[in-house]
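Q: Okay, here's the structure, questions in a sec.
FYI, it's all coordinate maths here, none of it is from the lab. None of these values were measured; they are calculated from a predicted model. Heads up, the Cβs are rebuilt from the backbone with ideal geometry, glycines too, and the neighbour counts pull from every protein chain shown.
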């Protein structure tokens, strides 16, 4: 049996955040998973098939940078007269 993937590993493979993966799971737009106890797990082959179905043979698009409050723009420098 292949190694089962965690939510963190699946999110990394899809180039999305864990939160986005949770939203996709709830909306039904995520790879099929199963539970081991109360933990979600994914089979690598199923994940790969889902990626190919969604994106063709290409990998998922690169992660977009979000507009975060941590990236505040600095005021323009004052021009000396």
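Q: Points 7 angstrom from Cα along the Cβ direction at residue 45 and residue 18: gap in nanometres?
A: 2.9 nm
Q: Under 8 Å for C-alpha pairs, at least 6 residues apart: give me the relative contact order for the range 7-55, rounded to a whole percent.
A: Computed value for the range 7-55: 30 percent relative contact order.
Q: Full extension from residue 55 to residue 2: what is 0.36 nm times the residue separation minus their Cα-Cα distance, to one decimal in nm?
A: Gain in length upon complete extension: 16.7 nm.
Q: Ranking request for peptides 40-52, 23-35, 4-16: highest mean number of other beta-carbon atoms within 10 Å first, then the rest in descending order.
A: Peptide ranking by packing, descending: 4-16, 40-52, 23-35.
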